[in-house]
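Since the structure comes first, as structure tokens, the remarks are kept for the end.
The values are calculated or read from the model by the stated rules, or taken from the named source; none is laboratory data. Keep in mind that what you see is a predicted model, and the values were worked out from it rather than measured. When we count neighbours, we look across all protein chains shown, and the Cβ atoms used for this are built from the backbone with ideal geometry, even at glycine.
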Amino acid sequence: MGKISEFTAQDHEVIARDYADLKEAARKRCTDPKELEIIQKAFEFANEAHKGVRRRSGEPYILHPIAVAKIVVSNIGLGYKSIVAALLHDVVEDTDYTVDDLSSLFGEKVATLVEGLTKIKTVLDNEDKAQQKSMQAENFKRILLTLNDDVRVVLIKLADRLHNCRTIEFMPEHKRDKILSETMFVFIPLAHRLGLYSVKSEMEDIWLRFKEPEAFNEITAKINRNISDKDKQINEFIAPIEDSLKRSGFKFEIKKRVKTPYSIWNKMQTKGISFDQIYDLYAVRIIFDPDTNTKETERDQCYHVFSIITALYRYKADRVRDWVNYPKNNGYEALHCTLMSQSGIWIEVQIRSRRMNEIAEKGIAAHWAYKKDGFAENESEMDKWITKVKEILVNPDINALDLLDMIHNDLIKTDIIVFTPKGEQRSIEKGATALDFAYSIHSQIGNKAIAAKVNLRLVPLSYVLKTGDQIEIITAENEKPKSEWLNFVKTRKARSLIIDYLKSERNESIVIGKKMVKEQLEALGYKFGDKTVNMLMNGYEIFEAKPDELYFRVGIGMIKLNNLSEVLKKAHEKANKKTTGWSFPWFKTPKEEKKEDYVIDGHDTKHKYVIASCCNPIPGDSVVGFKASDGTVTVHKKSCPTANNLASKFGDKIVMPTWEHAKDQNLSFLVRLSLKGFDRIGMINDITRYISFVLSVNIKKFYLGTEDGVFEGYIDLFVNEMGDLEKLIKKLEKIEGIQSVIRTDL
């Protein structure tokens, strides 16, 4: 709850204006006047309950629930009960009103929705409980549990999180990082899985704006310049399409869009390419109303539109995406292709029916609306996923942190389509094997599998499936699960069923594993004892468990001992680091230490820093720190996936270090530059000579490969700070033949 002060006339004017906008949006969604009356009643109730209360930004608190309610109706497409629940979602938490009060005033369903939201908010915001080890993971478990009760609770929570992200600049930096990391790790994938693309995209762009502000500003500026340059060309590209579709009798509309800053940045990072190498920067969306007076199905009409536009323009065959025939696992349907315009730019075209567009825009809410109206008769992938989430949540053997990782992986994975011998279509996780498919049919088929036939050809159980494969599993009555199967199965279901079977023989596995550990240690000259075994458990990250767990995992083959010496060495170094540590003198000294602005005195030797090897930040990068129990701070780039993972689980460990580069220090940091361009004689010599002799930069590793006159490779080198790196990149880009120089992960 924020500060309390009297509202001014201007405050009341802003409240009235924002509510008028909400009411107009609700009027389009709610046809019954009684529903609008209940929304009005909820607004008046919430406005009185939050009277005089302000947010951190200084604005009246009531503007927040109004904004959440507007997202609920405009972005997600929910009805009046959800709008009412959004308006009331903070009342029980922040005032003296109870769930029973709301039930008597607005009905049991609205009260239930508010109660679900209150439970989520209570655990997410409770700072006292945040010190407990897996509190944030437990919070997300509670959020996901509501999927089974009423998915609208999760949808309203996503709206609440989106508006909090919109106003996140008013939060202290350590809380901002916790919220953004939670958003990236769980809420953004959740929005994607529920089909809420507009919510997902806006959250991603906000994440990038605060995690990588320089990249966000640079990409946004380039987008704006490109739009002004290319807008006329895109209109010229659309004109012939409009004419052809009209002549063919289609009723349609065409929309233009530009790729979001985050999606561009993410593609640049994952593909190692520059902004100029983004082919699908522009997209045109064709939304048609299906003709019900023809024998052509909705799907056939999509292909008809495709044939019309590809007759006008050349298309990139490897960029066609058929999500009409094979919808995404969140219900998304569309036909995508990339066409070459008259002016020589690639433009992505998305073909959707009106129904497909509603599902793409409103996600799960539209999916269930169409299901109710008879469009989706069979159980959808969305329904299956929610059922699967319930199975995970009720599993007593899964701890909260494992659960969070499991759900996260489930949210971001993609599926492929395969077929049974009878031609039945099944979806399975991308990268899954024939054995995963066997377990997806039935546990006994998986347990007794010995081989598979894929497209009538005999293959091993480890065969990785591809879209369109037809699979037949071959079984044997005396076959049983083997520990080595764990080395190649991909799906959680297959892995858990194999482990469950192996657990039934746990004691035998423990005896075997203990013998293997003892023999391997003694063979390498180590003494088998409690101290060494504890070091091994730390090395293999088996915490809060007895040695039997280590022996069991070794015995069933989950842990291989081929790198045992290396594991012991790293565990030993980690233990030593807790007592010695090492420092980095680039942190500003604060006038006073504050939790939300954690700054370390660069000359205070009692503080220890470790630069994270996963992202290798350098002075000038936006960074976040995680403080261990011994006081050691591990410094990550704010955009590092590992940092987002940690912050989503251990928000209470976040500290906010800031670089203060000491010019008299000669310390340097390892970075990688990826290069692409046209090969010529002397290219390598020019690059190395320029870096080493002209710029006096030390090169650690150099790799360059050429094919058909084009080269691609990377250089690992040492720099002192971001300014030096930027200068180096600009200089290298001027060398003849080099097309792009980009900093990438090591």
Quick check: is even one residue across segment 173-190 touching a Leu at 6+ places or on another chain (Cβ under 8 Å), in contact (Cβ under 8 Å) with a residue 60 or more places away in the chain, polar (S, T, N, Q) and buried (at least 19 other Cβ atoms within 10 Å of the Cβ)?
yes
Does ASP150 meet the test of being at pLDDT 85 or above, of a type in the set (Asp, Glu) and in the same structural domain as ALA67 (by TED's automatic domain parsing)?
no
Flag for ILE15 being touching a residue at least 40 places away in the same chain (Cβ under 8 Å), under 35 Å from the mean Cα position of the chain (by Cα), closer than 22 Å to VAL199 by Cβ and not in a loop (DSSP other than H, G, I, E, B)
no
For segment 476-491, what are the residues that are surrounded by fewer than 16 Cβ atoms within 10 Å (Cβ to Cβ) and either of a type in the set (A, V, I, L, M, F, W, C) or touching a strand residue (DSSP E or B) at 6+ places or on another chain (Cβ under 8 Å) (or both)?
ALA476, GLU479
May I ask you to list the residues in segment 463-487 that are touching a helix residue (DSSP H, G or I) at 6+ places or on another chain (Cβ under 7 Å) and under 20 Å from SER427 (Cα atoms)?
TYR463, LEU465, ILE471, ILE473
Filter pass, PHE140 being at pLDDT below 85, in a helix (DSSP H, G or I) and not assigned by TED's automatic domain parsing to the domain that holds GLY58:
no
Considering each of TYR332, TYR326, TYR315 in turn, give the residue that is at pLDDT 85 or above and not acidic (Asp, Glu).
TYR315
Starting from residues that are buried (at least 18 other Cβ atoms within 10 Å of the Cβ) and of a type in the set (A, V, I, L, M), keep the ones in segment 309-342 and report whichever is nearest to GLU361 (Cα to Cα).
ALA334
Return the total of residues in segment 611-630 being in contact (Cβ under 8 Å) with a residue 60 or more places away in the chain, aliphatic (A, V, I, L, M) and under 23 Å from ASP652 (Cβ atoms).
1
Look through LYS295, LYS267 and report the one residue that is within 23 Å of the chain's Cα centre (by Cα), charged (D, E, K, R), farther than 19 Å from SER341 by Cα and not assigned by TED's automatic domain parsing to the domain that holds GLU712.
LYS267
In segment 30-37, is there at least one residue being under 15 Å from VAL73 (Cα atoms), part of a helix (DSSP H, G or I) and either among the aliphatic types (A, V, I, L, M) or more than 34 Å from the chain's Cα centre (by Cα) (or both)?
yes
Would you mind stating whether MET184 is modelled with pLDDT of 85 or more and within 15 Å of the chain's Cα centre (by Cα)?
yes
Would you tally the residues in segment 169-181 being in a helix (DSSP H, G or I) and out of contact with any Ser or Thr (no Cβ under 9 Å at 6 or more places or on another chain)?
7
Output the residue which, of all residues in segment 675-709 that are part of a loop (DSSP other than H, G, I, E, B) and in contact with a helix residue (DSSP H, G or I) (Cβ under 8 Å, 6 or more places away or on another chain), is surrounded by the fewest Cβ atoms within 10 Å (Cβ to Cβ).
ASN698
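Each row is one residue, and each column tells you yes or no for (1) outside any helix (DSSP H, G or I); (2) of a type in the set (S, T, N, Q); (3) at pLDDT below 90; (4) in the same structural domain as ALA360 (by TED's automatic domain parsing).
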residue: ALA42; (1), (2), (3), (4): no, no, no, no
residue: HIS64; (1), (2), (3), (4): no, no, no, no
residue: ALA85; (1), (2), (3), (4): no, no, no, no
residue: LEU105; (1), (2), (3), (4): no, no, no, no
residue: THR112; (1), (2), (3), (4): no, yes, yes, no
residue: GLU115; (1), (2), (3), (4): no, no, yes, no
residue: ILE120; (1), (2), (3), (4): no, no, yes, no
Quick one: count up the residues across segment 1-55 that are in contact with a Pro (Cβ under 6 Å, 6 or more places away or on another chain) and under 21 Å from ALA111 (Cβ atoms).
1
So SER462 ticks every box in (1) assigned to a helix (DSSP H, G or I); (2) free of Cβ contacts under 8 Å to residues at least 40 places away in the same chain but one. Which box is left unticked?
(1)
Need a quick list: helices (runs of 4 or more DSSP H) entirely within segment 204-315 having at least 3 residues that are over 30 Å from GLU712 (Cβ atoms) and touching a residue at least 12 places away in the same chain (Cβ under 8 Å).
213-247, 298-312
Flagged in segment 239-262 as among the polar types (S, T, N, Q) and either within 24 Å of ILE223 (Cα to Cα) or modelled with pLDDT under 90 (or both), in numbering order, are THR260
Condition (residue is β-branched (Val, Ile, Thr) and within 15 Å of THR744 (Cα to Cα)) applied to segment 265-287: is it met by at least one residue?
yes
Can you list the helices (runs of 4 or more DSSP H) found entirely within segment 491-562 that contain at least 3 residues being within 28 Å of THR433 (Cβ to Cβ)?
492-503, 506-523, 547-555
